[in-house]
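Encoded as structure tokens, the structure appears first; notes follow it.
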Amino acid sequence: MDELRAFLFGVTLAAAVGPIALLVMRNGLNHGLRPALASALGVALADLTYAGIALGAGAIVSATLEAQRGLFQATSSALLLALGIWLSRSALRAGAIDAGAAAPAAVGLLPTYLLTLANPLTILLFVGLSGQLALAQGSMALP
């Protein structure tokens, strides 16, 4: 069941059109397919980095947090709910985009990777997800 929740989280994260996704699309429109693909790879690698950190840290601290599991899940649920409300309110309040506004110059793999790592929304989403996944003690052991 946890694998299904993790998969659905990944699909939801991938389907969301946020500032990083818009940056990748902008890179494709302004610079062509190759820079857009490099930017998309940078985003994927940043997400993989956070997923690896969350999985590794989860394996280390899962035994410690097992006693406080309910509190940890409630806190992460509240974080995800607050993030959803904040994103919804921000989307409703967003004004028209100024077409002449200066855009960031993050083109390519490394700039997009670093920008995604620094994106607070990415950090909050992975922190929120970490409390939803049940890591049974010993689940990280290799067969």
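What number of residues within segment 3-46 satisfy the criterion of being touching a Phe, Trp or Tyr at 6+ places or on another chain (Cβ under 8 Å) and within 17 Å of Leu124 (Cβ to Cβ)?
2
Select from segment 83-121 the residues that are open to solvent by 60 Å² or more (accessible area, probe 1.4 Å) and among the β-branched types (Val, Ile, Thr) and write down the one among them that is modelled with the lowest pLDDT.
Ile97
Does Leu80 satisfy the criteria of being at pLDDT below 70 and under 18 Å from Ala6 (Cβ atoms)?
no
Under 9 Å between Cβ atoms, which residue pairs at least 6 apart in sequence (or on different chains) link something in segment 17-28 that is without any contact (Cβ under 8 Å) to a residue 40 or more places away in the chain with a partner that is β-branched (Val, Ile, Thr) and open to solvent by 80 Å² or more (accessible area, probe 1.4 Å)?
Met25/Val17
Is there a residue being assigned to a helix (DSSP H, G or I), surrounded by 15 or more Cβ atoms within 10 Å (Cβ to Cβ) and at pLDDT 80 or above anywhere in segment 52-73?
No - not one qualifying residue is present in segment 52-73.
Somewhere in segment 29-37, is a residue assigned to a helix (DSSP H, G or I), at pLDDT 80 or above and either open to solvent by less than 90 Å² (accessible area, probe 1.4 Å) or under 21 Å from Phe7 (Cβ atoms) (or both)?
Looking for residues that are assigned to a helix (DSSP H, G or I), at pLDDT 80 or above and either open to solvent by less than 90 Å² (accessible area, probe 1.4 Å) or under 21 Å from Phe7 (Cβ atoms) (or both), one finds at least one in segment 29-37, hence yes.
Within segment 39-48, how many residues are open to solvent by less than 50 Å² (accessible area, probe 1.4 Å) and under 8 Å from Tyr113 (Cβ atoms)?
Qualifying residue count for the region: 3.
The values are calculated or read from the model by the stated rules, or taken from the named source; none is laboratory data. Note that the structure is predicted; figures quoted are calculated from it, not measured. Because the Cβ atoms are built from the backbone with ideal geometry, glycine has one as well, and the counts that use them run over all protein chains shown. The area values use the complete protein model at the heavy-atom level, side chains included, leaving out ligands, DNA and RNA. Shrake-Rupley method; radii C 1.70, N 1.55, O 1.52, S 1.80 Å.
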